[in-house]
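Peer 1: Sharing a structure here in structure tokens format.
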Amino acid sequence: MIARPEPATQESLDLKPPEFTRGLSLFDSIMVVVGAMIGSGIFIVPAEMARQIGSAGWLLVAWGIAGVLTIAGALCYGELSAMMPQAGGMYVYLREAWSPLWGFLYGWTLFSVIETGTIAAVAVAFARFSGVLWPQISEDKYLIAPIHFSPGYALSLSTAQLLAVGVIGFLTFSNTLGLRYGKLIQNVFTIAKTGALGGLILLGILLGRNSIAVHANFGHPWQAQGIDSLGGGVTAATLSGLLVAICLSQTGSLFSADSWHNIAFAAGEVKRPERNITLAMVIGATAVILLYVLANIAYLVTLPLEAIQHAPSDRVGTATLQAIFPGIGASVMAAAIMVSTFGTINALTLTGARVYYAMARQRLFFPFAGKLNAASVPASSLKLQGLWAALLVLPRTYDPASRTWGNLASNLLEYVISAALIFYVLTVAGVFRLRVKRPNVPRPYRTIGYPFVPGLYILMAGAILVVLFTYRPATTWPGLLIVLMGIPIYLLIGWADRRRDAQTSKPRTIRDSESEN
């Protein structure tokens, strides 16, 4: 007797699951790089850098050093992205070069603070500058007044916080609709923000340039003035103090130029990733660094260094436009920063979720985050990232002495800047390690200037790390603690996996995200 076949069901048809769509061209990829890098930092951090360094010439040198590090990093990452053109970026590189633990620790830190914290902080900046145009949007106009849960911390919901949460929610939702929506928003706002920054540069150099600022800043470009103490009585007035000041100032410049590698997170959606990711990182990073140096020149020919050092709320870009267009400069700058930060939030939202997707595919994150929706994007990963970023908007910090409020997300980011730099150093060192560990793996692109370029990066970044841990222990060691908190979580995940596999009598198989998608 021949058995009759069971009626076909949707499950039995073994439908092919959604796959990533390679919809990002080289131009789109460059727009992601530029869009992720240019936020609000370039309009603010030169003030603190100027207070640390104290001279126009060395301020430009500090930005040049940040440029060398960024471009050298991009050249090194290019080799890794060409070898491993799959979703996940640095998570994949650290995992393959060193161990799954290192990959997980990066992914853990990225989700807990780096990516989500940056999204939250940039969203708050968007809302804060919106308040310049619409005063009803403010961090002190509360829907829910601060609820203290310790002397220095509270939870609140102001109109500014509500707008920040709304922006995160909107861009998270739009990215769940498909890659074409995310890249459309990205391209439009990156072009707009690049144009706005270019306009500020031209206005500063052509209209703002004045003899008073030029003489004050470039009459004696290497002479320190108005400098802050760097701790322990050290200042930029001495050669050793100057080297310390330049290293400390890199927290501002490197933070402003960060996220240049985020396009590698979305490698699974880039056309010809073995070629275009490298080109996008190098072209995008070079263009942004050039714009940043020119922006600082525009500030320096428009404002004396003292005015830059003491710009209200450190808003150097606003002070520059105010000097050129008294009365309307603040509004124009606020609109420009709103455009800039909106594009940055979208770029970070689009790319960051791909890392958690890659982790989930290897059973190192919530399983539901490792699935694509009908639009071929990791919607669950996007939603989880957006939810955590929105929650990070709500906690506030409070200084009883000055009675001033801050945002916890900004503090957390300050803590993990050094930790992020450690991951960068390890990733660049992975170029050396993989040349030995996997010499026969095809490398469509090899690091230009190897071994000098990666070696230079490691030496320069290592020197900055030593200075940061020595002179800024209050903000560096907590970041390291956040990273180390991931170790017990990793061990717990491994224990749960072994227990589940023992119960099902199935050996664990690590599935690469790209091999299945």
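We did not get these values from a lab; they are worked out from the coordinates using the rules stated. What you are looking at is a predicted structure, and each value in this text was computed from that prediction instead of being measured. Here the Cβ is made from the backbone with ideal geometry for all residues, glycine too, and neighbour counts use every protein chain on show.
Peer 1: Where a ≥ b ≥ c are the square roots of the eigenvalues of the C-alpha gyration tensor, would you call segment 56-213 rounded, which needs a/c under 1.5, or, failing that, prolate if a/b is larger than b/c, or oblate? Display every interim value, and only then the final one.
Peer 2: Numbers: a/c = 1.63, a/b = 1.10, b/c = 1.48.
Oblate shape, in that a/c is at least 1.5 and b/c is the bigger or equal ratio.
Peer 1: Okay, next question. With a ≥ b ≥ c taken as the square roots of the eigenvalues of the C-alpha gyration tensor of segment 218-317, please select rounded if a/c is under 1.5 and otherwise prolate if a/b is larger than b/c or oblate if it is not? Please list the in-between numbers first.
Peer 2: Values: a/c = 2.87, a/b = 2.07, b/c = 1.39.
Judged from the Cα gyration tensor, segment 218-317 comes out prolate (a/c at least 1.5, a/b above b/c).
Peer 1: Can you give me the distance in nm between label points at residue 272 and residue 456, each placed 7 Å from the Cα along the Cα-to-Cβ direction?
Peer 2: In this crude spin-label approximation the distance works out to 2.7 nm.
Peer 1: State the Cα centre-to-centre distance between segment 457-508 and segment 309-334 in whole Å.
Peer 2: So the two Cα centres are separated by 41 Å.
Peer 1: Can you check what the net charge comes to around residue 336, using other residues whose Cβ is under 15 Å from the Cβ of residue 336 (Lys, Arg +1; Asp, Glu -1)?
Peer 2: On the way: positive: 128, 193, 315; negative: none.
Once positives and negatives cancel, what remains is +3.
Peer 1: Please return the longest stretch of the chain lacking exposed loop sites, where GluC sites (Glu not before Pro) count only if DSSP places them in a loop and at most 13 other Cβ atoms lie within 10 Å. Could the numbers behind the result be given before it?
Peer 2: Numbers: sites that count: 11, 19.
Here the longest run is 20-517.
Peer 1: If each of residue 238 and residue 136 carries a label point 7 Å out from its Cα toward its Cβ, how far apart are those two points in nm?
Peer 2: Placing both labels 7 Å along Cα→Cβ, they lie 5.7 nm apart.
Peer 1: Per 0.36 nm of contour for each residue apart, how much would the distance between residue 504 and residue 387 grow if the chain were fully extended, relative to their Cα-Cα spacing? Before the final figure, lay out each step's value.
Peer 2: Working: separation 117, 0.36 × 117 = 42.12 nm, distance 3.30 nm.
Residue separation times 0.36 nm, minus the Cα-Cα distance, leaves 38.8 nm.
Peer 1: For segment 37-127, what value does the Rg/Rh ratio take when both radii are computed over Cα atoms and Rh is the Kirkwood radius, given to two decimals? Provide the component values of the computation, followed by the final result.
Peer 2: Details: Rg = 16.8 Å, Rh = 15.8 Å.
With Rh from the inverse mean 1/r over Cα pairs, Rg/Rh is 1.06.
Peer 1: Could you give the dipole magnitude of segment 40-169 about its Cα centre, charging the beta-carbon of Lys and Arg +1 and that of Asp and Glu -1, in debye to the nearest 20?
Peer 2: Numbers: 4 positive and 6 negative charges, 33 e Å.
The dipole magnitude comes to about 160 debye.
Peer 1: Follow-up question, since we're still on this one. Could you work out how far the C-alpha centroid of segment 203-218 sits from that of segment 50-97, in angstrom?
Peer 2: Value for the Cα centre distance between the two parts: 31 Å.
Peer 1: Mind listing which chymotrypsin sites (Phe, Trp or Tyr not before Pro) in segment 209-257 are in a DSSP loop and have 12 or fewer other Cβ atoms within 10 Å?
Peer 2: Numbers: sites: 218, 222, 255; in loops: 222.
Listed in order of number, the matching sites are 222.
Peer 1: How high is the FRET efficiency between residue 496 and residue 331 when r is their beta carbon distance and R₀ equals 51 Å, given to the nearest 0.05?
Peer 2: On the way: r = 54 Å, r/R0 = 1.06.
Given R0 = 51 Å and the Cβ-Cβ separation, E is 0.40.
Peer 1: Ignoring solvent entirely, what values of log10 I(q)/I(0) come out of the Debye formula for segment 363-420 at 0.13, 0.17, 0.27, 0.30 Å⁻¹ when each Cα is a single scatterer?
Peer 2: Results for segment 363-420 at q = 0.13, 0.17, 0.27, 0.30 Å⁻¹ read -0.54, -0.75, -1.03, -1.09.
Peer 1: Further question: Let's see if you can work this out: charge +1 on each Lys and Arg Cβ, -1 on each Asp and Glu Cβ, no other charges. What is the dipole magnitude of segment 188-343 about its Cα centre, in debye to the nearest 20?
Peer 2: On the way: 6 positive and 6 negative charges, 81 e Å.
Dipole of segment 188-343, to the nearest 20 debye: 380 debye.
Peer 1: Still on this model: Tell me whether the chain comes out rounded, prolate or oblate; compute the Cα gyration tensor, take square roots of the eigenvalues as a ≥ b ≥ c, and use a/c under 1.5 as the rounded threshold.
Peer 2: Details: a/c = 1.76, a/b = 1.54, b/c = 1.14.
Here the chain falls in the prolate category.
Peer 1: Using +1 at the C-beta of Lys and Arg and -1 at the C-beta of Asp and Glu, which of 265, 283, 299 has the Cα lying farthest in the positive direction of the dipole of the chain?
Peer 2: Checking the options against the dipole of the chain, the answer is 265.
Peer 1: Turning to a different aspect of this structure: How many angstrom lie between the Cα centre of segment 434-451 and the Cα centre of segment 162-186?
Peer 2: 37 Å
Peer 1: Positive end of the charge dipole of segment 67-156 (Lys, Arg +1 and Asp, Glu -1 on Cβ, about the Cα centre): tell me which of 93, 127, 143 has its Cα farthest that way.
Peer 2: 143
Peer 1: Given the options 74, 117, 227, identify the residue whose Cα lies farthest towards the positive end of the charge dipole of the chain (+1 on Cβ of Lys, Arg; -1 on Cβ of Asp, Glu).
Peer 2: About the Cα centre, the residue reaching furthest to the positive side is 74.
Peer 1: Is it possible to state the helix-based mean residue ellipticity at 222 nm for the chain, with each DSSP H run of 4+ residues giving -39500 (n - 2.57), the sum divided by total residues, to the nearest 500 deg cm²/dmol? What is it?
Peer 2: Numbers: 20 runs with 330 residues, N = 517.
Result for the chain: -21500 deg cm²/dmol, rounded to the nearest 500.
Peer 1: Given charges of +1 on the Cβ of Lys and Arg and -1 on the Cβ of Asp and Glu, with all other atoms neutral, how large is the dipole of the chain about its Cα centre, in debye to the nearest 20? Don't skip to the answer; put the middle values down first.
Peer 2: Numbers: 35 positive and 24 negative charges, 218 e Å.
The calculation lands at about 1040 debye.
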